[in-house]
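These notes are about the structure you will find just below.
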Amino acid sequence: MFVLGIVLWQGLTTLFHVQTFLLPKPTDIATAFWDNKSTLWHAGIYTLKEALGGFAMGSGLGILAAIFLARFRTVGFALLPFAVAANAVPIIAFAPITNNWFGLLNPVSKMAIAAVLCFFPVMVNTLRGLTSVNPRSIELMRSYAAGEIDVFRLVRLPNALPFMFTGLKVAAVLSMIGAIVGEYFGGPTNALGVLILNDTQLFDFAQAWAGIVLASAFGIALYSAVALAEHLMTGWQPAARGFRGE
C-alpha cells in the first residue's frame, strides 16, 4: 500500500501538472532530501532530542498524576478539570508563552510544549487502567491481607499497563508534533521546524516536504519503539499472545 500510494502520488501530480507549491512530486522530494541529507539529518536529530525530552517529562508527570488521582479519588475529581483545561489550550497560543519563560533558543521551551501534549493522553489512559480493576481481584487480595502497596503492585499496575502504553503511543507521535510547532515560533537555525519554515518562505517546497517526511519518519520510529516496549512488557497478557476465548 505504501508503494502504491507513492506511485499514485507521482502519477497524479505528473498527469494533472500539479504545481510544486501545492504538492511536490515524490521524486523531487527524494532529490531534495538526498542533496541536503546532512543538514536535514542534523536538524532532525536536534528536534528529536527536544521531542524525547518532552515525551519523557510529559509522560512521567502523566503517570505520576494518574497514580495520585487513582489513590486520592476525591482530590482527583477536583483536580481533573484543571488537567482538561490545560489540554484544551491551543498549542499555537502556548508556544509563545514557553518561549518567553525559557528563552527562544532554549530547547526546554520546545520540550515544555511537547510535554503538555503528552501529559493528558498518558494521564487519562493510565488512570483508566488503574481504576478499572475487577473488584473480585481486589477482594481476593484483601482476603490475603494485602496492603495498598501490594494491591497496586500486583493488581492495579499490571491492569494499567495496556492502557498506559496506549497513551504512550499517542504521546510518542504528539511529542514530535509539539517540538516542531514550538520551533515554528522561533528557535535555532539548526532545528527541523525552523528549517521547514525557512524553506517554505523561500518557496523551496520540495526541501520543506523532505523535512516533513523526516519528521514523520522520526514519529513512526518513536511509535514503533513504544510498541516494541509494550510487546516486551505485556507479552504475558492473553490478548498480546493472540488468545481468543469463548
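The values are calculated or read from the model by the stated rules, or taken from the named source; none is laboratory data. Note that the coordinates shown come from a computational prediction; the quantities given were computed from them, not determined experimentally. A quick note on method: Cβ atoms are made from the backbone with ideal geometry, for glycine too, and the neighbour counts reach across all protein chains shown. With ligands, DNA and RNA removed, areas are computed over all heavy atoms of the protein, side chains included. Shrake-Rupley method; radii C 1.70, N 1.55, O 1.52, S 1.80 Å.
Ordering of 4-11, 65-72, 109-116 by packing is 109-116, 65-72, 4-11, highest average first (other Cβ atoms within 10 Å, averaged per residue).
Accessible surface computed residue by residue for the stretch 80-204, with neighbouring protein chains in place and a 1.4 Å probe, gives 50 Å² per residue. Here the chain exposes an accessible surface that is 72 percent carbon and sulfur, computed with a 1.4 Å probe and the other protein chains kept in place. Using a Gaussian network model of the chain in which every pair of alpha carbons under 10 angstrom is joined by a spring, one finds that among Pro96, Pro26, Pro107 the greatest mean-square fluctuation is at Pro26.
A 1.4 Å probe, protein heavy atoms only, puts the accessible area of Glu139 near 120 Å².
For the stretch 87-198, the convex hull spanned by the alpha carbon atoms encloses 106 Å³ per residue. Full extension of the segment from Ala56 to Asn134, taken as 0.36 nm per residue of separation minus the current Cα-Cα distance, would add 25.1 nm.
Ordered from longest to shortest, the equivalent ellipsoid semi-axes for the chain are 41, 23, 14 Å, each the square root of 5 times a Cα gyration tensor eigenvalue. Once the Cβ-Cβ distance of Thr27 and Ile220 is raised to the sixth power relative to R0 = 22 Å, the FRET efficiency obtained is 0.55. Placing pseudo-labels 7 Å out from each Cα toward the beta carbon at Leu228 and Ala86 gives an inter-label distance of 3.1 nm.
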